[in-house]
Amino acid sequence: MGNDARINWVQTNGKPAFSVEVCSEAARSWVTLTGELDLASAPQLQQVLDQLCWDGFQEVVLDLAGLDFLGAIGLEVFVRADDQLRAAGGRLILHRPGPLARRILAITELDTVLTIQPVTSHHWDCAATSGLGEKS
């Protein structure tokens, strides 16, 4: 999956409900999430994150700014990916969590366990940095 920029869609009632865009360079991979991270979409995200771990990326950044919904299964995916990366000497970073995600992370106290970058941190533009096209 290294050096790819791609979009995955999970369809709900004929409308895109969730997308994952992956941009990678060297040891870092940037994953932008959009839509609803729920029971239907979590397996696709888990598959992407598992592949990034297997590909040897030491740092995986999840950009959460585009999430409209974050269910408990999404939190489980985050924790599993964080555990996998830490076991390999890496880390998962949650970037730009919106108000909903921040609230859920605080209620579950995962904000004290997972690495979270503030909203003010720089956003990595996949198109500008990777020079790669998109694949569906």
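The values are calculated or read from the model by the stated rules, or taken from the named source; none is laboratory data. Note that the coordinates shown come from a computational prediction; the quantities given were computed from them, not determined experimentally. Positions of Cβ are generated from backbone atoms using ideal geometry, with glycine treated the same way; all protein chains shown enter the neighbour counts. For the accessible areas, the whole protein counts, side chains as well, though only heavy atoms, and no ligand, DNA or RNA atoms are used. Shrake-Rupley method; radii C 1.70, N 1.55, O 1.52, S 1.80 Å.
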For CYS23, CYS53, give me the order by solvent-accessible area with a 1.4 Å probe, most accessible first, ignoring ligands, DNA and RNA. CYS53, CYS23
Multiply the residue gap between GLN51 and ARG28 by 0.36 nm, knock off their C-alpha separation, and tell me the result in nm, one decimal place. 7.0 nm
Residue-count net charge about LEU110 - beta-carbon cut-off 15 Å; Lys, Arg +1, Asp, Glu -1: 0
Expressed as a whole percentage, what fraction of the accessible surface of the stretch 15-88 belongs to carbon and sulfur atoms when a 1.4 Å probe is rolled over the protein heavy atoms? 52
